Structure formats: structure tokens, C-alpha cells
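Peer 1: Supplied in C-alpha cells, the structure appears directly below.
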Amino acid sequence: MDDTEYGRFVDWDKLDSTVLSSSPKELSCSEFNELKQLARQGYWAKSHTLRAKVYQKLIMDIPCRTVTPDAHVYQDIVGKIVSKRALGSLPLPEFVDDRQVPSYCLNTEGIVSVRKILLCIANQFPDISFCPALPSVVALLLHYSPDEAECFEKVCRILACNDQSKRLIDQTFLAFESSCMTFGDLVNKYCQGAHKLLVAVSEDVLEVYSDWQRWLFGELPLTYIARVFDVFLVEGYKVLYRVALALLKFFHKVRGKQPLESDNIKRDIRTFIKDIAKSVTPEKLLEKAFAIRLFSRKEIQLLQMANEKALQQKGITVKHKRASSPIRQNVHLAVHAENFKSEIVSVKEMRDIWSWIPERFALCQPQLLYTNLEHGSSLNRFYMHCEGHEPTLLLIRTTAGEVCGAFLSTDWSERKRSGNTLSFFGTGECFVFRLQPEVERYEWVVIKHPELARVAGTEAASNASSFPSDSKSSSDPSDRLSPFLATRHFNLPSKTASMFMAGSIDCIIIGGGDGQALYLDADMNYGRTSHCNTFNNLPLCSETFQISTVEMWGFKDIMSS
């Protein structure tokens, strides 16, 4: 193809022939909703020249800091920065995580130019400390730039975006790690089939999820990442979460029933994504991505904030260096076998439970707070040992050998706020589960059916099996707090709190996960489960059961100790 304006760095023999249209249509619309639809439909994906023009328009419309390096700056500094270095062996900036730069369909000149541009960006953005996606972004945009200087300017505008509501690329270790934690939380909720597979084959599933940005900016072929980038420039960061979730869903669908190719699940996922053209088209990938019901951008931002706060509290804000090479600090931890002992679950079972909880809590290790075998079977003793700890994990073994439990996001001392009235508290992060005879997790029913939520989080329970059922929420769903988050993090009114757990001197009630509610009596000898708003799920355990062993576990912060 003769494309003198946008073809300087492209190896046309490698480029998909479907994007070689020489007579592109013009893009005349500017309204967001129309742009969004055109991007999702691939309107400019069939024309290399049109895509280049659209990228230029979209990126120039990004609101940026007053002083943002442009093409003229590049022309002034490039010679000073790279003139004395061998072009074939230009080093990468430290913030790119030492990974291989994808070449996509660049020619030899383009591959060298990527490194030159990266070095100039490092010179102009000293505040960037960790940005492993950047080489891929530079390589991608170079395909659609007439020269190095314009590509440099495009990337600088993306990095210098100052619109607080439009997050683009992670530029610090804290932002990167919290986005990995946020992705893990989303997988936990929206890809349960894939999640179960990964839990079964990986000792530390959280570490697998930390690879999610590499799937997009590293393993996806150019035809696919370009389609993703089309939508990303219009809609923002949430698109990346959607596509990564879709990739995991397809991986599970294609590979879930096949033996894995290696003992390294991270490598298997990367291989699948690298060869994705064998099983999934770009159109099918985007269709799957936008078919996933996700939270609003505001709610994902709140989730990101909560994860960042958890990392900051544990002192995890920068990557650590060893010798002269940068090495990521491993913040994802599995349950340590040598320090764990339970009369109810094995280390493997506890690791499975650990993979279900929000990632910011998975940074901790389990700490036994209460067991009826040691502390006696009474609610008063139970409260005495568990108050002051948040979150907690309840485990129960029945005399019939059934094992069930619950993850509880809120301190049991909250029950005192309503005096002697049995009232619900807690957040949508809570869930109940069973391990024996089969493994099943039951999410908070309002996550899937928000119309069942009550506005007030402190209404009295009319009887031991009461649970939020048919009341309508008066709040707009788009403004609803993400069910992953605790209201106390953001000083929000109590009406946004969930109703999941309740306790008094006579009993405790935990429930709501897809209709599953758990009731324990005052002496913690007997319990029962009820089915309110059930949606065709298996029962938690026997309708009425006798308790053999009860344990309550806290979360010990070992990162900051």
C-alpha cells in the first residue's frame, strides 16, 4: 500500500489486509453517544488512514495539563537524549517493568523509534514511576502517526490528562496494583466459572489476576488491541476491565474442559490470548465485553480508591529494587500453610475461601479469634472475642459433616447501635458459602437483584428468619454505592448500607446470598437455614442442624508488621 502520510513505520506485509482501504470515509460526528457506537461497531477499523485521523482528533480533545510536551519539544530533545546511544540497543526506562516491547506490525525503523520515544517521555515525565503498558501504547500509536514527534505528542497528551473523571493509563505502582486488585474483585463477581477453574489449578489466583493489563497491552494481536483502543479513547478505562473480563470468559469456555498445556496458568492464558484469532474474532470479543453488566464509572472509581487505601495502609506504594534491576513487590499472598491450623477446613479449602474475598483483605493472613472448642459455646463469649475485628470469617461444621460459613465485612459491635432491637447491618461484600458436601458461594442477593434492597439499613427484623425481600429502593441505580465497598470508607449516609448480618443476646442471623440465610441460637448448639428470595440454588446446609465446631477468623496484617 502507498500510504506516505501514515505508513512510514508500518510493515505492510504483516498488517491485516482488511485495513488497507485507500478511500476512507470521513468522520463528521462529534457527539459522545454517536462516537461510542461508531467505535464499538468498528467504523474506522477498516481504514488505516481514517483510524489515524480519528486517533489524532480524539487525543487532541483530551483535556491536559497546561504545560504538556508536544511535537516541537520532541524535536528539541530527541537528539540530546539518544544521539550518543547505539540505536539498536536503546535501554528501556525503568518504569516499564522490564518486559518485551511488542512490535505488532512495525518495521525495523518503527521498532527503534518506539525506544527513542519512550526515552524522551521518561525525560519529560519524571513523575512516572511504574507504567508497564506504555511501550505497547507507543508501539500502537506509531502505526498511525506520520512521524516520531506526533506519536510522542499523542502519548504525552494521554499521560497528561487532567480530567479527574477520565482515567487513562496507570503511571504509579500504587495505581497499577490497585487496578489489579479491582480486576480481581470484578472477576470474583462476574466470571465465577473461570474463577473456580483458576482457584483449582493455581496456588495464588490473585497473582494470576495481576497479569490482566499484560493480556491487553502485550499479548493481544494488533488487530484486536487496536479495536479495544478505538473504544478506550472514547469511553475510558472501564473498557479495559470489560475486555479483560471477556478474555477470561473466552479462555474458560475454550480451555475450561481441556487439559491445560502447562503447569503455569499465567502462561496458558497468555498463550491463549496471543493465539486468540484461532477461536474469537475482534467483533465477538467486544460483543462479549459489552454484554457484561458492570458498575458505573463512579462506582469503579470508588472501588479503586478503597484498594489504593488498603495498599497505602500497608505501606505498599512503590516497587522495590534489587541490585540494579526493578522487581515488582509481590503483594498477592496465599494463606501460609505453616502458620495455619483449623479443626474445620484444610489449607487448600482456606485458600479457596481466600480467593473469594475482596483483594484488599487478601493481603492479610487468617488469625483465629474464637473457637467453641476452646472458648465455650455462648454468644457472649463469641462477641467478646470477635468485637473490634473487621472483616471476619465464620466457619461452621455440623455433626453431619457439613461445612458452611460466611465472610462478614462489618464489626459485630455494630449490633449495639440499635440497643436490644435485632437489626441488620453489614455491606454487600458479605457472602455465605458451603464447602461440604459441595463447594458453593452465595452472593448477596441485592448484587444481582438490586430492586430487593431496602433503603434503610437498620430496620428491625420481625422474626429470626426475616431478610430484605420485596421493598423497592428509592435511590437511582446509577448512584448506588458499589456493593463491594463499606460505607464507612466514604462517610456516606447509613441508608446506603446493606442489610446482611444481625445479632442479639438470643441469636445471630447471617444471610441473603442468593436467598440463603443462616440462623444460630444463643448457645451456638443448633442452627437452621432459610430460603428467602431463592433463585434455584442448592441449600447452604441442612434446614436444621446441630453444630459440632465453630471458628471465627480475623485478618492479620502481616505486610506492615
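Peer 1: For I357, are the conditions met, namely being crowded, with 18+ Cβ neighbours inside 10 Å and closer than 21 Å to N307 by Cα?
Peer 2: Here the answer is yes, as I357 does meet what is asked.
Peer 1: Same structure, new question: Quick check, is L435 open to solvent by 40 Å² or more (accessible area, probe 1.4 Å) and under 26 Å from E207 (Cβ atoms)?
Peer 2: The answer is no for L435.
Peer 1: Output yes when any residue across region 69-76 is part of a loop (DSSP other than H, G, I, E, B), among the charged types (D, E, K, R) and touching a strand residue (DSSP E or B) at 6+ places or on another chain (Cβ under 7 Å), and no when none is.
Peer 2: No, because not a single residue in region 69-76 is part of a loop (DSSP other than H, G, I, E, B), among the charged types (D, E, K, R) and touching a strand residue (DSSP E or B) at 6+ places or on another chain (Cβ under 7 Å).
Peer 1: If you go through region 284-306 one residue at a time, do you hit one that is farther than 27 Å from I357 by Cβ, open to solvent by less than 20 Å² (accessible area, probe 1.4 Å) and modelled with pLDDT of 95 or more?
Peer 2: yes
Peer 1: Cβ-Cβ below 9 Å, separation at least six or inter-chain, first residue in region 264-278 and within 21 Å of V201 (Cα to Cα) and of a type in the set (D, E), second in a helix (DSSP H, G or I) and open to solvent by 10 Å² or more (accessible area, probe 1.4 Å): which pairs?
Peer 2: D268/V201; D268/R255
Peer 1: If you check L220, L216, which single one turns out to be buried (at least 23 other Cβ atoms within 10 Å of the Cβ) and out of contact with any Phe, Trp or Tyr (no Cβ under 7 Å at 6 or more places or on another chain)?
Peer 2: Result of the check over L220, L216: L220.
Peer 1: Determine if region 385-402 includes at least one residue that is surrounded by fewer than 23 Cβ atoms within 10 Å (Cβ to Cβ), β-branched (V, I, T) and more than 15 Å from L520 (Cβ to Cβ).
Peer 2: no
Peer 1: Test L240 against the stated conditions and say whether it is crowded, with 23+ Cβ neighbours inside 10 Å and not aromatic (F, W, Y).
Peer 2: yes
Peer 1: Would you confirm whether or not region 174-195 contains a residue that is modelled with pLDDT of 90 or more, among the β-branched types (V, I, T), open to solvent by 10 Å² or more (accessible area, probe 1.4 Å) and closer than 27 Å to I273 by Cα?
Peer 2: Within region 174-195 (the criterion being modelled with pLDDT of 90 or more, among the β-branched types (V, I, T), open to solvent by 10 Å² or more (accessible area, probe 1.4 Å) and closer than 27 Å to I273 by Cα), the answer is no, since none of the residues qualifies.
Peer 1: Sticking with this structure for a sec: Cβ-Cβ below 6 Å, separation at least six or inter-chain, first residue in region 117-129 and without any contact (Cβ under 8 Å) to a residue 12 or more places away in the chain and under 8 Å from P93 (Cβ atoms), second open to solvent by 10 Å² or more (accessible area, probe 1.4 Å) and of a type in the set (S, T, N, Q): which pairs?
Peer 2: Short answer, once both residue conditions are applied: none.
Peer 1: Looking for something at pLDDT 85 or above and either over 23 Å from K238 (Cα atoms) or charged (D, E, K, R) (or both) - is there at least one such residue anywhere in region 318-333?
Peer 2: The answer is no; no qualifying residue exists.
Peer 1: Right, another one. Would you please list the contacts, defined by Cβ atoms under 7 Å and residues six or more apart or on different chains, that run from a residue in region 340-352 that is among the aromatic types (F, W, Y) to a residue that is surrounded by fewer than 20 Cβ atoms within 10 Å (Cβ to Cβ)?
Peer 2: From residues that are among the aromatic types (F, W, Y), the pairs are F340/V347.
Peer 1: Another question about this same structure. Tell me which helices (runs of 4 or more DSSP H) are completely within region 80-171 and hold 1 or more residues being in contact with a His (Cβ under 8 Å, 6 or more places away or on another chain) and more than 17 Å from D11 (Cβ to Cβ), or say none if there are none.
Peer 2: Once the helices (runs of 4 or more DSSP H) in region 80-171 are filtered for at least 1 residues that are in contact with a His (Cβ under 8 Å, 6 or more places away or on another chain) and more than 17 Å from D11 (Cβ to Cβ), what remains is 148-159.
The values are calculated or read from the model by the stated rules, or taken from the named source; none is laboratory data. The model shown is predicted, which means the values in this text are computed figures rather than measured ones. Ideal geometry is used to build each Cβ from the backbone, glycine not excepted, and the neighbour counts take in all protein chains shown. Areas reflect the complete protein model, heavy atoms only, side chains present, ligands, DNA and RNA absent. Shrake-Rupley method; radii C 1.70, N 1.55, O 1.52, S 1.80 Å.
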